[in-house]
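Throughout, read-outs are computed from the coordinates displayed, never taken from laboratory work. Only a predicted model underlies this, so the values are computations on that prediction, with no experimental measurement involved. Here the Cβ positions follow ideal geometry from the backbone for every residue, glycine too, while neighbour counts run over all protein chains shown.
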Amino acid sequence: MKIRDLVYGALLTAFSLLIPIAFGSYLRVFIPPFSATLASHVPVMIAMLINPPVALLVGAGSALGFLLIMGPVVAARAAVHMLFGYVGAVLLKQGWSYPWVLLVTAPIHALGEALVVLPLGFTLYQGLYIVGFGTLLHHGLDALIAFLVVKAISLNFSLGHLN
């Protein structure tokens, strides 16, 4: 892995920690038992453009940030960021466009978060409908933000994925 990729990964990991820790109280939407912190998926969605290991790193940072602020249930949900980030990064390496990857990873993300809360005491309705559907909407909003950020700052990534 290139040093540049590690630096980008470290910066995105810092953002994935900073968003829930510093901005969570301002960006959090809470509809019991579901919570969402707007823009919390943006760092991992951008990390997908770098490579799979960086996407894993940034997803792990997100899980750690939510563990520190929101506890183990939200951290378990945030750990799913590693899964959808990795899958997205692999798809990008295979030549998929960035918008398609953001769309295809949405159900993986939503289903992953819905399933991870079931053994943690959530009912099937709470897990699949509230958490799953809430995550799907949240993923869509953050995907739009990530896409606009990448387009706006024209990061030095393979921007051919944006078509």
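Data table
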| item | result |
| --- | --- |
| Residue-wise HN-Hα coupling along segment 63-79, computed from phi with Karplus coefficients 6.51, -1.76, 1.60 (Hz; x: Gly, Pro) | 4, 5, x, 6, 4, 5, 9, 10, x, x, 5, 5, 5, 5, 4, 5, 5 |
| R4-F23 pseudo-label distance in nm [points 7 Å out on the Cα-to-Cβ vector] | 2.6 nm |
| Residue-count net charge about P43 - beta-carbon cut-off 15 Å; Lys, Arg +1, Asp, Glu -1 | -2 |
| Residue-averaged 222 nm ellipticity for the chain, from DSSP H runs of 4+ at -39500 (n - 2.57), nearest 500 | -23000 deg cm²/dmol |
| Förster-model FRET efficiency, 30 Å R0, V149 and L124, C-beta, rounded to 0.05 | 0.25 |
| Mean Cα-pair separation over length for segment 3-156, i.e. relative contact order, pairs under 8 Å, 6 or more apart, % | 24 percent |
| Shape metrics for the chain, restricted to C-alpha atoms - Rg then Dmax, Å | 14.7, 45 |
